[in-house]
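Trainee: I have a structure here, written as structure tokens, and I will follow up with some questions on it.
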Amino acid sequence: MAELLRHLSARDLAPAPRGGEAWNVIEQPSQSFWWDAWRRLRQNRMAMAGLVTIVILAAAAVFGPALSPYTYDYQQLDLHDQPPSAAHWFGTDMLGRDLFTRVLFGARISLAVGILASLVALGIGVIYGAVAGFYGGQVDNVMMRIVDVIYGLPFLLYVILLMVVLGPGLQNVFLALGAVYWTGMARIVRAEILSLKEREFVMAARTLGVPPRRLLLRHLIPNAVGPIIVTLTLLVPEAIFSEAFLSYLGLGVRAPIASWGVLVADGYKAIRAAPWEVIFPALFISITMLAFGFLGDGLRDALDPRMRNR
Amino acid sequence: MARYITGRLVSSLLTLWVIVTLTFVLMHAVPGGPFDTEKALPQAILDNLNKRYHLDWPLWRQYLYYLWNLAHFDFGPSFKHIGQSVNEIIAQGFRVSATLGGMAIAVALIGGVLAGVVAALRQGGWVDHVVMTFASVGLAVPSFVVATVLVYLLAYHLKVLPAGLWGTPAQAVMPVISLSLGPMAVIARYVRTSMVEVLRQDFITTARAKGLPRRTITYVHALKNAILPVITYMGPLTAGVLTGSFVIEQIFAIPGMGREFVLSITDRDYTAIMGTTVFYSVLLIVANLLVDLVYAWVDPRIRVAKGASD
């Protein structure tokens, strides 16, 4: 107490000036949720490194193949299995195709699969989870039981079976992945909606007569967007990994199109004589997974501090 | 407790039924029959084959027949390996896969727990940073990339380990490392997080005040509580090692179930695909059930919470 008194002067105890209300003015611009999250994310060096890596990779995937003097399927059979050189930065594969171009083109396929599969999972998962969480009761009970059963299945096994049924091919890969991966998203969205719908703003909206559909789409789901983004970011590397896995087993995309998984599988056959053929695509898969992992962790900390350390 | 166990058993059986039905439907949705060959078989032979494998029956009867046989642990004959039953194929492969998987799980558990504890004890120090960086990388690098790098370095470059096949301890080293590195990273992260939390609690301070040796406090008092999240991870861990073995057994030419599964897919051996899928699923369901029971037994709080929400 004595300590506190020493810091106080007579001026601190004087009555506030009348009329002006100057003390009541907010001097700093108000911080929106997104600005706050961005500020927190920027402080996380690993997450920013991940974000920059992903942006560079995405740019390389989009523009790289067009800038390269070769195409991903152009074969120079007399130049097969060449080590990295000025003409072929990553060397060439067993059919004399430029590996740098193929890796960049593979980035296009792998990133596309990762993102599209996650979007399929997002579409199904968000609607499913939101409906279950919003209506609650028996509806929720039955819907979540179904999710529990699917969640108990060995994921990759069913992706493999679906690929056997659908046949190899790019869109089948992300359909199969999306068809299996949506359950995690559904669980997260449901949990979020369950807690959100008890909040005052929902009651206010209900009292004002907002119809349930609008309440769900305009008020509840937008408020759950933080965890949704985090889940999405962590889903992308998982889908990329699964696609590589499928391609390694020969169930992924069809030749001559190559994803990173195909490149690793092909390169492995020549590992003794031409190790660069497997090292470069393997490096790219690992870097991408690492980047998405760091970004996902950082986003989780930034968007949803409650989920930290989980 | 009894109610909880019955509840879990019923839902496990339900999951199993869904899996069997789903697999059956998927396999019958595959275009083309199992006896489609390059040369068309004479109709009489096809008829006989279909009769022999009950493919001339209506679908519902085939389904019931399959269920009936499954209830007797009979997976039926293989379509491609004439004279061999799927049971025999699974039995041959499972012994190898179980050894490989068991070793991988053991290595992942021991390595992960140790790394996590060490990191937690030196929280913020360089050991912690090294372990956590290693864990992030281990999480991002797919098992087949690890295997590829190991084969290149240890088998072709340094020539200290054999590049494949199965039987001797030396041949097991690289497959086990490739399979266990990812799970080990996850376990290390879990253990570190919960260990840091536990070490801050009052009973640890009390134990220290009572003058218990540091080692006892760490490995008996703290670890017992910090290891709980690892138990929940045992289910996904088993799943990861099982599916991981598809590719790893392929790379190292190990005659296990994973390779058998992949072969049966490329051979379009439908009964073998169905059999191995169901067998894998049963393994996983049993593993998940055991994990839940152990968890409920170790931590009574879960039992109460789950009983209430069910």
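Trainee: For the range B:285-297, check the following and say yes or no: at least one residue is more than 30 Å from B:Ser85 (Cβ to Cβ) and not hydrophobic (A, V, I, L, M, F, W, C). Walk me through it before giving the result.
Mentor: Residues of the range B:285-297 that are more than 30 Å from B:Ser85 (Cβ to Cβ), as a first pass: B:291-297.
Imposing the further condition that a residue be not hydrophobic (A, V, I, L, M, F, W, C) reduces the set to B:292, B:295.
Scanning the range B:285-297, I find at least one residue that is more than 30 Å from B:Ser85 (Cβ to Cβ) and not hydrophobic (A, V, I, L, M, F, W, C), so the answer is yes.
Trainee: Of all residues being crowded, with 17+ Cβ neighbours inside 10 Å and β-branched (Val, Ile, Thr) in the range B:117-142, which is nearest to the other protein chains (Cβ to nearest Cβ)? Just the residue, please.
Mentor: My answer is B:Val141.
Trainee: Would you check if B:Ala108 is more than 17 Å from the chain's Cα centre (by Cα), in a helix (DSSP H, G or I) and at pLDDT 85 or above? Break it down stepwise before answering.
Mentor: Working: more than 17 Å from the chain's Cα centre (by Cα): no; in a helix (DSSP H, G or I): yes; at pLDDT 85 or above: yes.
No: the conditions fail for B:Ala108.
Trainee: Please determine, by comparing only the residues of the range A:76-105 that are part of a loop (DSSP other than H, G, I, E, B) and touching a Phe, Trp or Tyr at 6+ places or on another chain (Cβ under 7 Å), which one is most open to solvent (accessible area, probe 1.4 Å).
Mentor: Filtering the range A:76-105 for residues part of a loop (DSSP other than H, G, I, E, B) gives A:76, A:80-91, A:93-97.
Now drop any that are not touching a Phe, Trp or Tyr at 6+ places or on another chain (Cβ under 7 Å), which leaves A:83-84, A:88-91, A:97.
Working: A:Pro83: 66, A:Pro84: 61, A:His88: 12, A:Trp89: 156, A:Phe90: 28, A:Gly91: 0, A:Arg97: 17 Å².
Per the criteria, the residue is A:Trp89.
Trainee: Could you tell me whether B:Gly235 is modelled with pLDDT under 85 and closer than 28 Å to B:Ala135 by Cβ? Before you say what the answer is, go through the steps one by one.
Mentor: Values: modelled with pLDDT under 85: yes; closer than 28 Å to B:Ala135 by Cβ: yes.
Spelling it out, B:Gly235 is indeed modelled with pLDDT under 85 and closer than 28 Å to B:Ala135 by Cβ.
Trainee: Against the condition open to solvent by less than 50 Å² (accessible area, probe 1.4 Å) and of a type outside the set (Phe, Trp, Tyr), how does B:Gly93 come out, does it pass? Don't jump to the end; show me each part of the working.
Mentor: Details: open to solvent by less than 50 Å² (accessible area, probe 1.4 Å): yes; of a type outside the set (Phe, Trp, Tyr): yes.
For B:Gly93, the condition - open to solvent by less than 50 Å² (accessible area, probe 1.4 Å) and of a type outside the set (Phe, Trp, Tyr) - is met.
Trainee: Also, I was wondering about something else. Mind listing whichever residues of the range B:151-168 are hydrophobic (A, V, I, L, M, F, W, C) and within 11 Å of chain A (Cβ to nearest Cβ)?
Mentor: First, pick out the residues of the range B:151-168 that are hydrophobic (A, V, I, L, M, F, W, C): B:151, B:153-155, B:158, B:160-161, B:163, B:165-166.
Across the range B:151-168, the qualifying residues are B:Val151, B:Leu153, B:Ala155, B:Ala163.
Trainee: Restricting to the range B:70-86, name every residue that is open to solvent by less than 50 Å² (accessible area, probe 1.4 Å) and either among the aliphatic types (A, V, I, L, M) or within 22 Å of the chain's Cα centre (by Cα) (or both).
Mentor: B:Leu70, B:Phe75, B:Val86 - these are the residues of the range B:70-86 that are open to solvent by less than 50 Å² (accessible area, probe 1.4 Å) and either among the aliphatic types (A, V, I, L, M) or within 22 Å of the chain's Cα centre (by Cα) (or both).
Trainee: Just name the residue that is farthest from the chain's Cα centre (by Cα) out of those in the range A:239-297 that are open to solvent by less than 10 Å² (accessible area, probe 1.4 Å), within 24 Å of A:Pro227 (Cα to Cα) and within 10 Å of another protein chain (Cβ to nearest Cβ).
Mentor: For the range A:239-297, the residue satisfying everything is A:Ser242.
Trainee: Next question, about the same structure. Is it true that some residue in the range B:122-134 is among the small types (Gly, Ala, Ser) and either part of a helix (DSSP H, G or I) or in contact with a strand residue (DSSP E or B) (Cβ under 8 Å, 6 or more places away or on another chain) (or both)? Steps first, answer last, please.
Mentor: First pass over the range B:122-134, keeping only residues among the small types (Gly, Ala, Ser): B:124-125.
Then drop every residue that is not either part of a helix (DSSP H, G or I) or in contact with a strand residue (DSSP E or B) (Cβ under 8 Å, 6 or more places away or on another chain) (or both), which leaves none.
No, the range B:122-134 contains no residue that is among the small types (Gly, Ala, Ser) and either part of a helix (DSSP H, G or I) or in contact with a strand residue (DSSP E or B) (Cβ under 8 Å, 6 or more places away or on another chain) (or both).
Trainee: Restricting attention to helices (runs of 4 or more DSSP H) lying wholly within the range B:147-265, give those where 3 or more residues are open to solvent by less than 60 Å² (accessible area, probe 1.4 Å) and in contact (Cβ under 8 Å) with a residue 12 or more places away in the chain.
Mentor: On the way: elements: B:169-199, B:202-209, B:223-226, B:228-251.
Answer list for the range B:147-265: B:169-199, B:228-251.
Trainee: Which ranges mark the helices (runs of 4 or more DSSP H) fully within the range A:135-250 that have 2 or more residues being among the basic types (Lys, Arg)?
Mentor: On the way: elements: A:137-151, A:155-166, A:170-196, A:200-207, A:225-248.
In the range A:135-250, A:170-196 are the helices (runs of 4 or more DSSP H) which contain 2 or more residues that are among the basic types (Lys, Arg).
The values are calculated or read from the model by the stated rules, or taken from the named source; none is laboratory data. Since the structure is predicted, the reported quantities are computational estimates derived from the model, not experimental observations. Cβ coordinates were reconstructed from backbone atoms using ideal geometry, including for glycine residues, and neighbour counts include every protein chain displayed. For accessibility, only protein heavy atoms count, side chains too; no ligands or nucleic acids. Shrake-Rupley method; radii C 1.70, N 1.55, O 1.52, S 1.80 Å.
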